Structures are given as C-alpha cells and as structure tokens.
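Below you'll find the structure, written out as structure tokens, and then a few comments.
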Amino acid sequence: MDALIILMIILFWFTIWMAVRHYYVFSREKRELLEHISDVTYTDVFEKKTKKKNRQGRLIQKLTKYAEDFSDLGQRVNFFSENHDVENWLRKSGNSYNLTVERFQGLKIFLLIVGFFGGVLSLIIGLPFSQYSIIFLPILGYFLPIIIVRNQAKKRQQLIRKDLPDFLDTISTSLQAGINLDQALREVIRFFDGPLREEFSRFNYEIELGVQRETAYRNLLSRNDNTEFQSLIKSLIQGQNLGVPIATTFKIQAEDMRKLREEQVKELAAKASPKVTLVTTFIVAPVSILMIAGLMILNMIYGENSIFNMLQ
C-alpha cells in the first residue's frame, strides 16, 4: 500500500512537470510565430493585446456608468474644469479610461455626492475628525478626477521626453540606410513602449486611412504639449514644405535633443544642491548634535567619572 502511494505521488509530480514543460514550449513557439508575423506584415500583433487595467482604471470605468446622470449638472458646475480644459487634459493624457467630457464632468459631481454621504456616515458612526470629513470628503471627490487626469497628462509628456532622443537616433539611422519614413516608423515603434509608440502608431494609422501628412502632423501637435516633441513635428512640417531631406531633419533634432537633455540634467543637479544643503542643515546636523550631546550626558551620569561618583 505504501509503495502504491509513493508511486501515485511520483506520477502526480511527473504529470505536473510535463504540463509545465509543454506550456513553456507552447508559449515560446507562440511568441516566435507572432514575431515572425510581425516581421513579415510590418504590423505589431502584440499591440492587439489589451493591457491589464489596474484597479484604479476599472473603478473609474464603473463609476462613469453612474456619472452620466450628473453630466448636465457637472457642465454647469465647472470650477477649475471648463469643458475645453477637460478636453485638452483627456487628449494629452491618452484618455486611458475612455472618458468623454460629459462623463468626466458627471464623475466630479458623482464623487462629490459620494464624499458627502461618506462624511455624513462617518459623523453618524462617530469616527475621529468626522466633523471635518463632511466638508473635506466632498471637496476631495470633486477635485480627485481633475488631479488624476492632469497628473496622467504630465507623466505622459515626461515619458515622451524621455524616449524621444533614442527614438530620433534610431529613425535617423534607418532613414540614412535608405528606408522611407513610413516604413521606418513601422519598424522602429515596435521596439518602443508607452505614449511615443501610441502616438506614432496612430499617426501611421491616419496616413493609411488617407489623411494628409501635414494634417496628421498637426493632430500630433494637438495631442501633445511637450516642447521637444512639438519642435520635432514642426521641423518635419517645415522640412516637408521646404523640401529638406527628412533624414537630415531627424539627425539635427536628435543632436539638439541630446544637448537639451544635458542642459536639463545640469539644471536639475544645480537645483538639487540647495535641497541637499537644506536637509543637511535641518535634519542631519541637529540629529548628530543630539547624538553627541546624549552620549556626553550619559557619560556624565553613568561613566567612571560621573557626577554621582564625584559627589561620593
């Protein structure tokens, strides 16, 4: 009986090992097949996979279903959130939550009402600081969507600024090798992630649909307020109108971008020095003085030459 049990355990773990091995082989072959399809068709098949949405995104999408009922009221109560400002924030943030201006305005009011009832509930239960929460929570609910979307727009533009020099170098090298711009963009964006890839994928899609190139360039400008990115797109528009080779434009922009990044790093380093001095002055120095003074006091009380020993 014991031998049978041992045999069953061995067979069980052997089956698990075989299943894991076959799954690994299947995943590897599937990945290789997708890469082959991507190379042959010049399209990114991995882009069709929807990214896993974080909890915040799922929560906001659920809330927007209830927020539509308050959209009219939200567009009238538009403190710090005019319709044109909201549209601009959503466009520059990438609108990962698929919000419209109406839904966004309704979401503010919905969260304000939720915050008010939350404050009333905390007051009834008797939670600490509940008398303040009835005021603070509605205000937080109103401004929370504004803060989130504006922060997303800011982070998105920072990511574009970070990836742009490498992107320009790669495109410039491809163009100098004799590849045309559209094909170079299709090839290069497969190796980048984030908003830069999204923007140029959308640009390529618009070109394939028959949108004029200058119009597609101006759409890129309207969706992004990053200074370096706008400088690149404006240079491409100007180069197209004047007949300047695109490879030259990308090369010059890449060199200028790297010089600008060096200046920004130097500027950040210069700004960091006073902050370090401030931390040293108000935190490190007082703590060091307290430690030295504490050791001296302990030595005076408990040491061999302490005050109590001298009095004795």
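We did not get these values from a lab; they are worked out from the coordinates using the rules stated. Everything numeric here is computed off the predicted structure, so don't read it as measured data. Cβ atoms come from the backbone with ideal geometry, glycine included; neighbour counts cover every protein chain shown.
Considering only Asn151, Phe110, Leu137, and ranking their Cα positions along the charge dipole of region 55-156 that arises from unit charges at the beta-carbon of Lys, Arg, Asp and Glu, the one farthest toward the positive end is Asn151. Residues considered: Leu121, Leu236, Leu73. Largest GNM mean-square fluctuation over the chain, using C-alpha springs under 10 Å, is found at Leu121.
Calculation over all alpha carbon pairs of region 70-157 in 10 angstrom steps from 0 returns a P(r) of 19, 42, 26, 13, 1 percent.
Projecting the Cα atoms of Trp17, Leu268, Asn180 onto the charge dipole of the chain, computed from C-beta unit charges around the Cα centre, puts Trp17 farthest toward the positive end. Dipole size of the chain about its Cα centre, with +1 on Lys/Arg Cβ and -1 on Asp/Glu Cβ: approximately 420 debye, rounded to the nearest 20. Consider a paramagnetic label point 7 Å from the Cα of Phe191 along Cα→Cβ; state which residues of region 242-269 have an amide N under 17 Å from it. Zone members listed by number: 251, 254. From a point 7 Å beyond the Cα of Phe80 in the direction of its Cβ, which residues of region 145-164 have a backbone N at a distance under 17 Å? Answer for this model: 145-154.
Here is the P(r) of region 246-300: all C-alpha pair distances, binned every 5 Å from 0, give 4, 16, 11, 10, 10, 8, 8, 6, 7, 5, 5, 4, 3, 2, 1, 0 in whole percents. To the nearest ten degrees, helix 285-302 and the longest principal axis of the Cα atoms of the chain are 30 degrees apart. The Phe117 and Gln176 beta-carbon pair, evaluated with R₀ = 51 Å, returns a calculated FRET efficiency of approximately 0.25.
Can you give the angle from 0 to 90° between the axis of helix 2-41 and the longest principal axis of the chain, with both taken from C-alpha atoms, to the nearest 10? Taking the Cα atoms of the chain, the angle to 2-41 is about 50 degrees. By how many degrees, 0 to 90 and rounded to 10, does the Cα axis of helix 246-279 deviate from the longest principal axis of the chain? It works out to around 10 degrees. Note on Lys275 and Thr248: the extension gain reaches 5.6 nm, defined as 0.36 nm multiplied by sequence separation minus the Cα-Cα distance.
Against the empirical 2.2 N^0.38 Å (N residues), region 159-262 has a Cα radius of gyration ratio of 0.98. Calculated on the Cα set of the chain, radius of gyration then Dmax: 30.2, 100 Å. Per-residue ellipticity at 222 nm, computed for the chain from helices alone with -39500 (n - 2.57) per DSSP H run of at least four residues, works out to -27000 deg cm²/dmol.
Simple spin-label estimate for Leu4 and Phe136 gives 6.7 nm between the two label positions (7 Å along the Cα-to-Cβ direction from each Cα).
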